[in-house]
1. What does the highest-first list of B:486-494, B:193-201 look like by mean Cβ count within 10 Å?
2. Enter the Cα centre distance for the pair region B:141-162 and region B:755-780, rounded to the nearest angstrom.
3. Arrange B:559, B:716, B:54 by Cβ neighbour counts within 10 Å, fewest through most, would you?
4. Hey, rough spin-label estimate for residue B:641 and residue B:499, points 7 angstrom out along Cα→Cβ, what's it come to in nanometres?
5. Quick one: which of B:503-516, B:813-826 comes out on top by average Cβ neighbours within 10 Å, and what's the full order, highest first?
6. Between residue B:818 and residue B:582, 0.36 nm times their residue separation minus their Cα-Cα distance comes to what?
7. Given R₀ = 35 Å, FRET efficiency for residue A:38-residue B:777 by Cβ-Cβ distance, to 0.05?
8. Which value in nm describes the separation of the simple spin-label points at residue B:57 and residue A:6, placed 7 Å from the Cα toward the beta carbon?
């Protein structure tokens, strides 16, 4: 059961990594606009297909 | 370019009527509106669409049409003014306000494009770098309707970018780069971080709490239990300090001003529960409350964040009167016309205004005769005839022929400037409508604190060992979570549904305010009516006469009455040939005169002019005309030689859905008023058709008078309008609704706007507001019942923290689900 003294810090450390990554995302503005990327993704797909077809 | 622009305007204005009279199944290749008229090979409903279509095809961007939803009608609201309109963006002042310089080669400009509405728009706008040389990057922010463009200022000028967007059908409004906007963005990011921290803390304390709960049932060794408790306390600390900071800030603010705010009990609950947890940990008690505290903070922050995102915030800059006037004027000096920037115009200068141009300053006419369209300033639906010595207002459009006028009042001193001052004025001393629900919850939670205090005293007397535990369980079980979610949950869901229908709401409590509104004020022109003159009735109609009329009006293409007659003739579907007219002359402010091939003199124009020319009216015609004039209709007639053969009665048309809307409001027991700048006759005619009492229908009002009427009305009121002339009145209202998101949306006067401009959508919005308020009330009712039951159990010492921990999220989930399944907006 004493393994908990090792596991707890590890799990907390991993969770902290996630939080830091989230902070980084927020600061770089990834969450400023949540609507456009969803649509833009579809548009880019379309374009790629036509380019491949042209080749 | 110039001629193109004029054509654009002419045709753009006719689209509304085209749609209204639609019988033809052919659809416009650009916007999908039905096309009227029987001419062959027509693919477009208007020149505006045709222009955008060819622009796109020419640029190789035809794929726009395959991306676009065919059902969507997107007739471009092409701005008529030429490239010159955007030249001010190249000024040094504009550069400072609107353009961010990143490096010598890269500048950035943000523009607000009210026209963005679908995936195809994003595709098209992000293709800008392939269209316009010098633009390196263009990114659309769909939800805000904004575009951010990076460009090389050495290759392309900001005005050229703005003009390109305009010619693609997206008239742009530049957005200022001020620091307030950056501060807003940073605040939003900060909020996201607070939510992230709260989520992290909540999840991790929950994990430890589960172990503790498990230990409560199956046994746990004290060193581990103690470790879990203290670790929870440490993990919860960032949430309590950093995430919950906004609650403390408002709570302290409320304390300092002595007001009741929902954040006050929330802040107290957070702090007290955390301290209770610490004390229990120190005493080696079983229950700590760190998981409840962190979850509470997380849910509340998340709810608020989602709600604030749902509210439409346009960061468009305030316009000034200068922006609405032509950027240059032609000033007469020593018999020559010199083109100068508007700002250099001086009092007493003589200015030439060509047909189709806006009048640059208030003044009097020195030379020329024409008719002008005042609808922009006063809301008058019919053009006004003007001649020498007549006073004209800045912003009016000259319709027929060149005018020379003497500038008397310029810029801020003009009528237009005065309207802007009215808009900028602080709202009168009207107390904002209170958030009943919020106040109720705050009071309820305060009552809980009193209850907890009393319980503590009583239990201290009965069983001192349990007193503290019982008191804390009251605070947990009656947690303000459900109550404080009651309003945001219902309002946010309705905000999202409204947005899907093109209704943009700028205020969180708009639904409650609308449901409470007693007096509704409507503008007439452009709101209750279509804002365009159409032929209402014709006397003496036959094909030959219509053909003559059609041929004649083509000589005055800018005049609204001529356009109305053109539309009517085209729609009658009986014209077969074009009648040649000899010696056709357009006499400004009077009419058109010409001769048929057989020598018959034909005149088409105002009745007064025809009578002056010696044309005779029959007794029957006289009485018919009197009837029309009594109804506020304008009369134009066609005379062959000396007798009137064809009479057109023209008036503004009632907007579709107006009757249904007014009937609904009356059935709800609301008062309906019309405030219009148009003639009393025209207002009465609309009022009669909509069955609004004549005493409530006021015409001939200046924009300032409309505002006065509203500010003197002490009931909760709402102004619905569409133009600049309504903006001062809208500013004075409890809540104001802009139709079509026109200029008042840009200058942030309207609390919400309906982008379709449809009164049916307004009706749906009003019904939805009523339902939303009902959902909010039910939410509060449910949360209160839950709290009373839970509170009673806790007071009697029957609730243990596990039950409390299950009940708390359950109540919140119930409220969110109920808000989601309640149908507020009519399903499509």
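1. B:486-494, B:193-201
2. Spelled out, the Cα-based centre of one part sits 37 Å from the other.
3. B:54, B:716, B:559
4. About 7.0 nm, to one decimal.
5. Per-residue Cβ counts within 10 Å, averaged per peptide and sorted highest first, yield B:503-516, B:813-826.
6. Contour length minus the Cα-Cα distance gives 77.6 nm.
7. With R0 = 35 Å, the Cβ-Cβ based efficiency is 0.50.
8. Each label point is offset 7 Å from its Cα along the Cβ direction, giving 7.4 nm.
None of the figures in this text is laboratory data; all of them are computed from the coordinates on show. Small disclaimer: the values here were computed from a predicted structure and weren't measured. Glycine gets a Cβ as well: all are built from the backbone with ideal geometry, and neighbour counts include every protein chain shown.
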